[in-house]
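Input: a single structure, listed below in structure tokens.
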Amino acid sequence: MTSPISPARVDALLRAASVTIERADAELLLGHALQHDRAWLFAHATDPIEAAQAEAFAQLVQRRVDGEPVAYLVGTRGFWTLDLNVTRDTLIPRPETELLVELALARIPESAPARVADLGTGSGAIALSIASERPLASVIATDEYKAALAVAVGNARRNGIDNVWFRRGDWYEALGNERFDVIVSNPPYIESRDAHLRQGDLRHEPMTALASGEDGLDAIRAIARDAPRHLARGGWLLLEHGWNQGAAVRELLTQAGFVDVCTERDLEDRDRATLGRLG
Ligand code: GLN
């Protein structure tokens, strides 16, 4: 028996979707609709697809056209070597944040224990990446929001990581009098009046994870100011920030008593992270 309409094929659906959305996004969405990974799509390019799955894919493509971020549509995002769940309660981990992970790892010993804190952990991206590379380190990850912490806890389990402990609180609130060898954070740092917050994918992410006061530096000011009380002598503070905030963040770290303060650039050659050591 032949159907009057020829069934859709993997390759044809991807080609059609690529007219309105990015090819890479189309692959992630089709993989999600079919519950297969990208490699499967290539190996099965000429496979027919059931009408219900083609319809589910069409709906996802439409939501993407309407501006919803792919990571929220599929519920996951790759970061470092990990596969992380993300929800609308968490920022979507960005590739440029891997710089912060690299800089932190360079300051955490491989064969000795170290105490690390990740402030505002969101999906847990930074804390879990560090913990996965440094099994001897104890990582404390904090977040003000219960819903974000629930996602991060799930991500630890999902990736089999057991050297991260999650605590709820604003910046240092949940850390008591403990001192750390490394404190790392990718806090919100966008100026609250920046028009980008109301455009494109950013509209869908939690505002509290993105914006931080008039000059974008409220969170970084608070973190830098109190860092010396939570770091061991010689401990490092590493912060992500915007491309135009390097000088301001270096100044804040220097004022707080840090030495060896420097700014590092991301893969796009833009200022992205500033770090300093407690003298
Ligand atoms: N630490 C998380 C990340 O880097 C969340 C950061 C944030 O919400 N500002 O993805």
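The values are calculated or read from the model by the stated rules, or taken from the named source; none is laboratory data. Everything numeric here is computed off the predicted structure, so don't read it as measured data. Neighbour counts are summed over all protein chains in view; Cβ atoms, including those assigned to glycine, are modelled from backbone coordinates with ideal geometry. For accessibility, only protein heavy atoms count, side chains too; no ligands or nucleic acids. Shrake-Rupley method; radii C 1.70, N 1.55, O 1.52, S 1.80 Å.
Just a few scattered comments:
- All of (1) without any contact (Cβ under 8 Å) to a residue 40 or more places away in the chain; (2) open to solvent by 10 Å² or more (accessible area, probe 1.4 Å) hold for Ala71 with one exception: (2).
- Criterion violated by Val249 - all others in (1) more than 16 Å from the ligand (Cβ to nearest atom); (2) more than 26 Å from Asp89 (Cα to Cα); (3) of a type in the set (A, V, I, L, M, F, W, C) satisfied: (1)
- In summary, Asp215 fulfils each of the numbered conditions (1) part of a loop (DSSP other than H, G, I, E, B); (2) farther than 21 Å from Leu149 by Cβ; (3) open to solvent by 70 Å² or more (accessible area, probe 1.4 Å); (4) not hydroxyl-bearing (Ser, Thr, Tyr) with the single exception of condition (3).
Table: residues versus (1) more than 15 Å from the ligand (Cβ to nearest atom); (2) over 17 Å from Thr76 (Cβ atoms).
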residue: Ala127; (1), (2): no, yes
residue: Pro135; (1), (2): yes, yes
residue: Ser138; (1), (2): yes, yes
residue: Asn155; (1), (2): no, no
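- Counted residues, segment 95-143 - those being more than 12 Å from the chain's Cα centre (by Cα), open to solvent by 10 Å² or more (accessible area, probe 1.4 Å) and not hydrophobic (A, V, I, L, M, F, W, C): 13
- Those residues of segment 175-201 which are of a type outside the set (S, T, N, Q), open to solvent by 20 Å² or more (accessible area, probe 1.4 Å) and free of Cβ contacts under 8 Å to residues at least 40 places away in the same chain, in sequence order: Gly176, Glu191, Arg193, Asp194, Ala195, His196, Arg198
- Segment 206-264: number of residues that are touching a residue at least 12 places away in the same chain (Cβ under 8 Å), farther than 19 Å from Asp194 by Cβ and not hydrophobic (A, V, I, L, M, F, W, C): 15
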